[in-house]
Amino acid sequence: MFVLSSIYRSPSSLRQLSSQIAIAEMMQFILCNFPKATLLMTGDFNLPNMFWIDGQGMTMPSLQQNPLIQVLAHNFLYQTVTVPTRMCPGQNPSTLDLVITNDPERVIRTQTLSLIGSSDHMPVLSSIQLNSKPSKYTKQSLIYKKYKIARNLLRKETQKLTVNYKKHLAKIAKENPKLFWKHISLCKPGRYSVPDLENNSSVSSCASKKANLLNQQFASVFSKDDLQSALPPAEQACTQ
């Protein structure tokens, strides 16, 4: 199931923060009431002070925190438009027209088109995967495929370098035995020793003293049972 919404937030609104809060609350309402639905929220959000990195919105630290950023981060929402959508002479290009979703796997591609007429906003075209089966050609799947290829190459090269290094150590073992045995010691499981123990403001570093201190500590915390009262005499136990 899809939940589609179109947003227009006026840049001349006197209640800039209130309008942002209203959109954030609407997003939260949809996500809470339709948890299994795919959310697609598009439109002109008019947020020129926001910039987008990997689908997450950010603002300058000196500006007031945008409530939309918090909703996107808390609900793992993703914004797919990565290029400026408004080109106005004398002003910096800005990304005002957004496509926000909770299922970026379904958004196969998002791109901008040429300006139409006198409008200074570039049209945004998104290709959406409608069926429930994810497409193997989605952006996220392609990125993961590239990652697996790079991971396997790295693993293969690491194994090759490890084998070559061990062969090199075997060849120079007689000439440089220290390097050989250093490698052997690194491959052994670590040895752990008991650190110095403090007792009555004195520090014990001797192994025998540390053993005695530990023995005293362990013996002090164990309870001592009164065997005479707890168990009957042997003869009485046999007669019973």
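The values are calculated or read from the model by the stated rules, or taken from the named source; none is laboratory data. All values derive from a computational prediction rather than experimental measurement. No Cβ is skipped: glycine too gets one built from the backbone with ideal geometry, and neighbour counts run over all protein chains shown.
The residue list Pro89, Pro35 contains one member that is exposed (fewer than 12 other Cβ atoms within 10 Å of the Cβ), within 28 Å of the chain's Cα centre (by Cα) and not charged (D, E, K, R), which is Pro35. Considering only segment 1-60, state which residues are of a type in the set (Val, Ile, Thr) and within 24 Å of Met87 (Cα to Cα). Listed by number, the residues that qualify are Ile7, Thr42, Ile53, Thr59. Being of a type in the set (Val, Ile, Thr) and part of a loop (DSSP other than H, G, I, E, B): is that true of Val81 here? When the stated conditions are applied, Val81 passes them. Scanning segment 1-53 for residues that are of a type in the set (S, T, N, Q) and over 24 Å from Thr112 (Cα atoms) turns up Ser12, Ser13, Gln16, Ser18, Ser19, Gln20, Gln28, Asn33.
For Gly57, the conditions (1) modelled with pLDDT of 85 or more; (2) surrounded by 19 or more Cβ atoms within 10 Å (Cβ to Cβ); (3) of a type outside the set (Lys, Arg) are fulfilled apart from (1).
Considering the conditions (1) surrounded by fewer than 10 Cβ atoms within 10 Å (Cβ to Cβ); (2) modelled with pLDDT of 85 or more; (3) not aliphatic (A, V, I, L, M), Ser193 is excluded by exactly one of them, (2). Out of all the residues in segment 22-39, is one or more assigned to a loop (DSSP other than H, G, I, E, B), polar (S, T, N, Q) and out of contact with any helix residue (DSSP H, G or I) (no Cβ under 9 Å at 6 or more places or on another chain)? No, because not a single residue in segment 22-39 is assigned to a loop (DSSP other than H, G, I, E, B), polar (S, T, N, Q) and out of contact with any helix residue (DSSP H, G or I) (no Cβ under 9 Å at 6 or more places or on another chain). Screening the candidates Thr110, Thr158 for the property of being modelled with pLDDT of 85 or more and under 30 Å from Gln70 (Cα atoms) yields one hit, Thr110.
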